[in-house]
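Notes follow the structure.
Just so it is clear, none of the values below were taken in a lab; they were calculated from the coordinates. Nothing here was measured: the structure is a model prediction, and the numbers come from that model. Every residue, glycine among them, receives a Cβ derived from its backbone with ideal geometry; neighbour counts consider all protein chains shown.
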Amino acid sequence: MATKIFVNLPVKDLNKSVTFFTKLGFTFNPQFTDEKATCMIIGEDIFIMLLVEPFFQSFTKKEIADATKITESIICLSAESPAKVDEMVSLALEAGGKAPNDKQEHGWMYGHGFEDLDGHLWEVMWMDPAAANG
């Protein structure tokens, strides 16, 4: 059995977050969705749990970072082409996200990113398969 990854992110408004990420093309597992949380499907073994802040707080004694002011992590997703990188970032911006940085072009690697409604940073990158295989 493959290891699965579940990244937990606090959100202020679950419905707005679901609407935002739906516009980017993501889907959600209704089995793990209620008024406190939802399970966003990234891939076969990769999921983002969007948890309303009070529910997220129940899992930690630490203060929740305000991602609009502090970078707690950067989530990086791969894309199948530079055009798909641009497409996802464009969708994020149209849905209310922000582009905190310029595009990064390195010939064999291309990336850009966005900030979601709660300030979490997402990078989307493409890498030339020939360069990746060394």
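Looking only at residues in the range 27-82 that are aromatic (Phe, Trp, Tyr) and part of a strand (DSSP E or B), the one that is farthest from Trp122 (Cα to Cα) is Phe28. Among the residues examined, Ile5 does not qualify as touching a residue at least 40 places away in the same chain (Cβ under 8 Å), within 18 Å of Gly111 (Cβ to Cβ) and loosely packed, with under 14 Cβ neighbours inside 10 Å.
Residues that are farther than 14 Å from Leu9 by Cα, touching a residue at least 40 places away in the same chain (Cβ under 8 Å) and β-branched (Val, Ile, Thr) within the range 67-93 comprise just one, Val85. Counting the residues of the range 83-134 that are within 20 Å of Gly43 (Cβ to Cβ), of a type in the set (D, E, K, R) and not in a helix (DSSP H, G or I) gives 2.
With respect to the conditions (1) at negative phi; (2) more than 13 Å from the chain's Cα centre (by Cα), Gly96 lacks only one, and its number is (1).
Within the range 80-88, one or more residues are surrounded by 13 or more Cβ atoms within 10 Å (Cβ to Cβ) and touching a Gly at 6+ places or on another chain (Cβ under 7 Å).
Looking only at residues of the range 52-64 that are hydrophobic (A, V, I, L, M, F, W, C) and touching a residue at least 40 places away in the same chain (Cβ under 8 Å), we find that the one that is farthest from Glu35 (Cα to Cα) is Ile64.
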